[in-house]
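The values are calculated or read from the model by the stated rules, or taken from the named source; none is laboratory data. These figures come from a predicted structure and were not determined experimentally. Cβ sites come from the backbone with ideal geometry, for glycine too, and all protein chains shown count toward neighbours. With ligands, DNA and RNA removed, areas are computed over all heavy atoms of the protein, side chains included. Shrake-Rupley method; radii C 1.70, N 1.55, O 1.52, S 1.80 Å.
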Amino acid sequence: MASARRDLVTQRTAMINRLKAPGAEPVAKRLRIVLAALEQTIKDLGRDMAALIKNHAPLKNVSQTLQTIPGVGPVTALELTAFMPELGTLTRRQAAALAGLAPHPRQSGGHDGYRRTQGGRQTVKTTLFMAAMAAARFHPQLASFHQRLRNNGKKPLVALTAVMRKLILIANAKIRDALSLQLS
């Protein structure tokens with residue numbers, strides 16, 4: 001369901017861009033009809049996914065735990081639950097690597113380049129991007145962390161990627177702790 005929703009959101013964005021394109025006037029009426037259908041389908045899928053989570057206790061607990069993190073809303077919680085169900089059972093390094101947020105060194109001889117994040121699950125990475133933008137503004141610790149990186153001369157995207165990594169580590173730890181409380 002989450003994959004279908006993500007695909008529909010991508011199609012909606014493409015449709016909006018087509019409407020704004022030069023020469024779209026002759027087909028604008030039809031594009032608006034398709035856009036309205038996509039909007040309704042996305043809304044229906046969101047409602048169905050919310051009902052599924054509400055009626056499934058473990059998913060509901062994970063979703064509620066994730067939403068306690070400032071910057072993580074219902075959609076982000078839903079997508080993290082769907083695309084990274086292993087959260088809470090991983091080590092810090094495994095969680096970062098699986099999310100595609102583990103820094104990989106680029107060194108050769110005396111050259112020491114920027115560390116790059118690569119691999120992992122792209123869907124998790126894109127989900128965390130918007131959450132990190134919100135967390136960099138509203139999460140007390142992550143906002144100061146982001147500002148400190150920027151003040152130290154890090155590029156905006158590098159600082160935001162570091163916030164994304166911190167977010168997935170926080171989510172992993174919170175779910176792990178919530179699971180351990182349920183078991184005891």
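Some points to look at:
- Residue match in the range 17-35 (condition: under 22 Å from T127 (Cα atoms), at pLDDT below 95 and either assigned to a helix (DSSP H, G or I) or open to solvent by less than 90 Å² (accessible area, probe 1.4 Å) (or both)): yes
- In the range 94-122, the residues that are free of Cβ contacts under 8 Å to residues at least 12 places away in the same chain form Cβ pairs under 6 Å with partners that are surrounded by fewer than 19 Cβ atoms within 10 Å (Cβ to Cβ) and of a type in the set (G, A, S), at six or more places apart or across chains, as follows: R106/G113.
- Answer from M84, M49 - the residue that is over 26 Å from G119 (Cα atoms), surrounded by 21 or more Cβ atoms within 10 Å (Cβ to Cβ), of a type in the set (A, V, I, L, M, F, W, C) and touching a helix residue (DSSP H, G or I) at 6+ places or on another chain (Cβ under 7 Å): M49
- Checking every residue in the range 119-132 against the condition of being among the aliphatic types (A, V, I, L, M) and in contact with a Lys or Arg (Cβ under 9 Å, 6 or more places away or on another chain) gives at least one match.
- Single residue of the range 52-81 satisfying the filter (assigned to a helix (DSSP H, G or I), among the small types (G, A, S) and in contact with a helix residue (DSSP H, G or I) (Cβ under 9 Å, 6 or more places away or on another chain)) that is surrounded by the most Cβ atoms within 10 Å (Cβ to Cβ): A77
- Residue under evaluation G100, criteria (1) part of a helix (DSSP H, G or I); (2) crowded, with 20+ Cβ neighbours inside 10 Å, criterion not met: (1)
- Single match in A178, A132, A136 (criterion: more than 15 Å from A77 (Cβ to Cβ) and open to solvent by less than 90 Å² (accessible area, probe 1.4 Å)): A136
- Residue in the range 106-123 that is at pLDDT below 90, outside any strand (DSSP E or B) and closer than 18 Å to G73 by Cβ present: yes
- Residues (among the polar types (S, T, N, Q) and in contact with a Leu (Cβ under 7 Å, 6 or more places away or on another chain)) located in the range 24-41: T41
- Unique residue being out of contact with any Ser or Thr (no Cβ under 9 Å at 6 or more places or on another chain) and exposed (fewer than 11 other Cβ atoms within 10 Å of the Cβ) when the list is L169, L157: L157
- In the range 46-58, the residues that are at negative phi and without any contact (Cβ under 8 Å) to a residue 60 or more places away in the chain reach residues that are basic (K, R) and in a helix (DSSP H, G or I) with C-beta atoms within less than 8 angstrom, at least six apart or across chains, in these pairs: G46/R5; M49/R5; I53/K60; K54/K60.
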